[in-house]
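A short worksheet on the structure shown next.
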Amino acid sequence: MTTTSTTLRRLRLALGATAAAAVLTACTSGQTTSASDTDKASDEIASLASPGTEGGTDDSNKKLKPGTKKYDDAINDHYRKRFNCHRDKAERLGIELVDDGNGGLNPKTDEGLGTKPDGSYLNDFSKRYIEGVVQACDKELPLPKELEESPQEQQEQLKKQQKIAACMRKEGIDIKEPTFNDPTLHLGTEDPRTEAAYAKCEKG
């Protein structure tokens, strides 16, 4: 939940925005997915499936403390792998990715992306991307045990993010209040004033 560098923030924002877009209900376009299309998508996705490798099952991993160089390096490496995983699986499924303006990549589609109110996929494209890219990478690259945060640490990091957000609002930057369910500071596209305010407020 912590944001310790501009590079890390952009990686996490990019991945977080992609995952959020994938699971939230998108604007419907009137298109539906037939059973045969769904079966075809499932076959394509299954061909890319592979067991998780990064998280492992070794409980002996020593937990890293947020804010330290080792933690920053490890989490940067983790999200870089996730970024590359998204790009690789999208390419193998024939899904074009475009720059999202935050240093990340989002799927290019005119069909809409997401799920309907009943939980079913909006269309075949949504199923292929959500299951074949987002969920597949979640499975292959779970957060390593040494990077997991305790509930107390999560609360502390949330308070820190909320403090930064309050500071940035005083600097004239309109920014959404971080919450436990969405602790990320959504800074949007690059802007010199926003970057300067963030750098100032992060230092306290």
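The values are calculated or read from the model by the stated rules, or taken from the named source; none is laboratory data. Everything numeric in this text was worked out from a predicted model, so none of it was measured. Note: ideal-geometry Cβ built from the backbone for every residue, glycine included; neighbour counts use all protein chains shown.
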Inset, instruction - Restrict the check to the stretch 150-169 and report whether at least one residue is under 29 Å from Asp99 (Cβ atoms) and assigned to a loop (DSSP other than H, G, I, E, B). - result: no
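Residue by residue, here is whether (1) closer than 30 Å to Glu91 by Cβ; (2) modelled with pLDDT of 85 or more holds:
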{"position": "Asp110", "(1), (2)": "yes, yes"}
{"position": "Pro117", "(1), (2)": "no, no"}
{"position": "Gly132", "(1), (2)": "yes, yes"}
{"position": "Leu143", "(1), (2)": "yes, yes"}
{"position": "Gln162", "(1), (2)": "no, yes"}
{"position": "Arg169", "(1), (2)": "no, yes"}
{"position": "Glu177", "(1), (2)": "no, yes"}
{"position": "Asp182", "(1), (2)": "yes, no"}
{"position": "Gly188", "(1), (2)": "yes, no"}
Reported set for the stretch 128-180 where residues are farther than 18 Å from Leu64 by Cα and among the polar types (S, T, N, Q) is Gln135, Gln161, Gln162, Thr179
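I need the full set of residues from the stretch 153-204 which are of a type in the set (S, T, N, Q) and out of contact with any helix residue (DSSP H, G or I) (no Cβ under 7 Å at 6 or more places or on another chain), in order please.
Of the residues in the stretch 153-204, the ones of a type in the set (S, T, N, Q) are 154-155, 157, 161-162, 179, 181, 184, 189, 194.
Passing the criteria: Gln154, Gln155, Gln157, Gln161, Gln162, Thr179, Asn181, Thr189, Thr194.
What's the total number of residues in the stretch 78-128 that are assigned to a helix (DSSP H, G or I) and either among the β-branched types (Val, Ile, Thr) or over 23 Å from Thr184 (Cα atoms) (or both)?
Pass one, the stretch 78-128, residues assigned to a helix (DSSP H, G or I): 78-92, 124-128.
When the remaining residues are screened for being either among the β-branched types (Val, Ile, Thr) or over 23 Å from Thr184 (Cα atoms) (or both), the result is 88-92, 124-128.
Matching residues across the stretch 78-128 total 10.
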Scanning the stretch 98-125 for residues that are at negative phi, within 15 Å of the chain's Cα centre (by Cα) and surrounded by fewer than 18 Cβ atoms within 10 Å (Cβ to Cβ) gives Asp99, Asp100
